[in-house]
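The values are calculated or read from the model by the stated rules, or taken from the named source; none is laboratory data. This is a predicted model, so every value here is computed, not measured. Ideal geometry is used to build each Cβ from the backbone, glycine not excepted, and the neighbour counts take in all protein chains shown.
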Amino acid sequence: MTPPPASPDDNAPAGPDQDTSGAARGELQSLERGIRILDLFLDGNPEARRVADVTAALNIPTSTAYRLIRVLKSNGLLQDGDARGSFELGDKLRLLGDCVRGEDGLLARIRPVLEGLRSATAETVMLTIRSGDEAVHAEVLESEQELRVSIPRGRRMHIAAGGSGRVILAHLRDTEIDRVLSQPVTAYTPQTVTDPELIRAELAQIRDRGYAISESQTTAQTRGICMPLLSAGGMPLGSLTVTGPAFRMDAERTEMCVSAMRDAIAGLAL
């Protein structure tokens, strides 16, 4: 049989978006499999799924299923279910859904809260969300004072390096905390605490009192008060931070900020 004539692009060299290497094909296959795992929840059944559900639906080895699920968990798209070995959709998907809904979404509803906090404290305020093992400053409203903390929107930090990330980390599953702290923690200033055991002690303190105080952990000569934004199920959606120059954030001002943040979060429907 005579082969069909080649199309004009058949003999063209692969461009930057036409990578045909084995590594690229493997990455695409993993991405497609990850999407199919999320698709398992499209049947409307809210119950947690198990690894066996993944291996049956995707026809893949158990080891591959575990690896894919682990990656989705580390990026907040899945989280552990109540039963051992089960998993369910992660709270990060709720944030993504809020972005699609626009004005009705969580991110849009948090901005007025940030504006209120900035007015109440006269300091820089920010919303931080988790992205894998990083904390991302998704929204920043700077203080209007001449001497203020200036933090770029979109700045990415190791999730265990500062208060805004640690209050998120403190409310993750123990297995996730163990995994994060099994790797080196980036130091951003000489004051950054990187010892895993010291960080674990701080995480316990955060869970006990409900907030973190970050002393020059990621930005020198600053003090920040950080509180988690928790879903109804207790999973962290992100965190709020009020931060100012360390010389101005004395004990009295810190307590005022803590009170203002508690009031702001209490009025936010999550």
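Would a scan of segment 147-157 turn up a residue that is in contact with a helix residue (DSSP H, G or I) (Cβ under 9 Å, 6 or more places away or on another chain), within 18 Å of Ile225 (Cα to Cα) and modelled with pLDDT under 95?
yes
If you take the residues in segment 33-51 that are among the hydrophobic types (A, V, I, L, M, F, W, C) and within 14 Å of Leu68 (Cβ to Cβ), which one is surrounded by the fewest Cβ atoms within 10 Å (Cβ to Cβ)?
Ile35
Residue check: is Glu144 loosely packed, with under 15 Cβ neighbours inside 10 Å, at pLDDT below 95 and closer than 21 Å to Leu268 by Cα?
Considered against the rule, which asks whether it is loosely packed, with under 15 Cβ neighbours inside 10 Å, at pLDDT below 95 and closer than 21 Å to Leu268 by Cα, Glu144 comes out as no.
Being at pLDDT below 90 and either surrounded by fewer than 14 Cβ atoms within 10 Å (Cβ to Cβ) or touching a Cys at 6+ places or on another chain (Cβ under 8 Å) (or both) is the requirement here; does Asn59 meet it?
It is false that Asn59 is at pLDDT below 90 and either surrounded by fewer than 14 Cβ atoms within 10 Å (Cβ to Cβ) or touching a Cys at 6+ places or on another chain (Cβ under 8 Å) (or both).
Can you work out which of the residues in segment 105-141 that are part of a loop (DSSP other than H, G, I, E, B) and not hydrophobic (A, V, I, L, M, F, W, C) is surrounded by the fewest Cβ atoms within 10 Å (Cβ to Cβ)?
Gly132
For segment 235-244, what are the residues that are farther than 12 Å from Leu169 by Cα and small (Gly, Ala, Ser)?
Listed by number, the list holds a single entry, Gly244.
Can you name the condition, by its number, that Glu255 falls short on among (1) under 24 Å from Ile110 (Cα atoms); (2) touching a residue at least 24 places away in the same chain (Cβ under 8 Å)?
Glu255 satisfies all of (1) under 24 Å from Ile110 (Cα atoms); (2) touching a residue at least 24 places away in the same chain (Cβ under 8 Å) except (2).
Within segment 215-263, which residues are of a type in the set (A, V, I, L, M), surrounded by fewer than 22 Cβ atoms within 10 Å (Cβ to Cβ) and in a helix (DSSP H, G or I)?
If the condition is that a residue be of a type in the set (A, V, I, L, M), surrounded by fewer than 22 Cβ atoms within 10 Å (Cβ to Cβ) and in a helix (DSSP H, G or I), then Ala251, Met256, Val258, Ala260 are the ones that fit.
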